[in-house]
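Rule-based calculations on the coordinates, nothing more; no lab input. Since this is a predicted model, take the numbers as computed values, not measurements. Positions of Cβ are backbone-derived with ideal geometry, glycine not excepted, and every protein chain shown enters the neighbour counts.
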Amino acid sequence: MSTQCRFCGAAVRPNTMFCPSCGQIVVADAPAATASVLPPPFRTTGGGTREPQTVAAPVAPPEPVAPVPLPDLAPPVARPAAVAPPAPVAPAALALRMPQGAEVAIDQVLVLGRNPAGRAADHGGAPIEVADPTRSVSRVHLIVRPSGPGEASAEDAGSGNGTLLERGGARHPLRPRDPIAIHAGDRLILGDVVVEVGTAR
């Protein structure tokens, strides 16, 4: 497309440096000015001072929170084993303490008297001679039998002077051939002789 010379108005071809009519230099038309983008205007305060418009800064996303490790659960506590009750203690065996200080365990049938050796076998027991200078004890005076752990009985064999059972300060006469239970702490009185009942040492 041709243009016009600014000096003579003659038609000039594009890209021609001189006008063919007047010989003047052809000046190309300046390109249309592009609108410039201006920054946003400043806000004004009441006193006329302009303040820059505040632009909010971008908010960074929150950092992920690290998981808190949970404490290890304690292992279940084993229940204590049941404790067996202690076994019952067997009662102590009984024994006779003779006037001379000898101790005779009541672990079999005992035949007591001044001279029981000849008739002890008739009662199925072992003869236990009782020293008696006053002869108040019969030849076969008393029969003592074990009846269980820590238990025994005494029976008068039909003696001449009889037998007394002393318990707790009271005296009880034994009837002939009628056994009665005896315990530790009892005393058997044969005539003038005292035989104590206790536990075996």
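Observations, loosely collected:
- Inter-centroid distance (Cα atoms) of the stretch 82-109 relative to the stretch 136-157, Å: 16
- Share of alpha-carbon pairs per 5 Å distance bin for the stretch 112-201, given as whole %: 3, 15, 26, 27, 20, 8, 1, 0
- Amide hydrogen proximity for Asp186: with H placed 1.01 Å from N in the peptide plane, the residues at 5 or more positions away or on another chain lying under 5 Å are Val197.
- For the stretch 166-180, putting each phi into the Karplus relation 6.51 cos²θ - 1.76 cosθ + 1.60 with θ = phi - 60° gives couplings of 9, 9, x, x, 9, 10, 10, x, 8, 7, x, 6, 10, x, 9 Hz, in residue order, rounded to whole numbers and with x for Gly and Pro.
- Of the residues Pro179, Val109, Gly148, the one whose Cα sits farthest toward the positive end of the charge dipole of the stretch 85-201, with +1 on the Cβ of Lys and Arg and -1 on the Cβ of Asp and Glu, is Pro179.
- Mean separation of Cα contacts under 8 Å, 6 or more apart, over the residue count of the stretch 145-194: relative contact order %: 38
- Amide H contacts under 5 Å for Gln24, placed H, 5+ residues apart: Cys19
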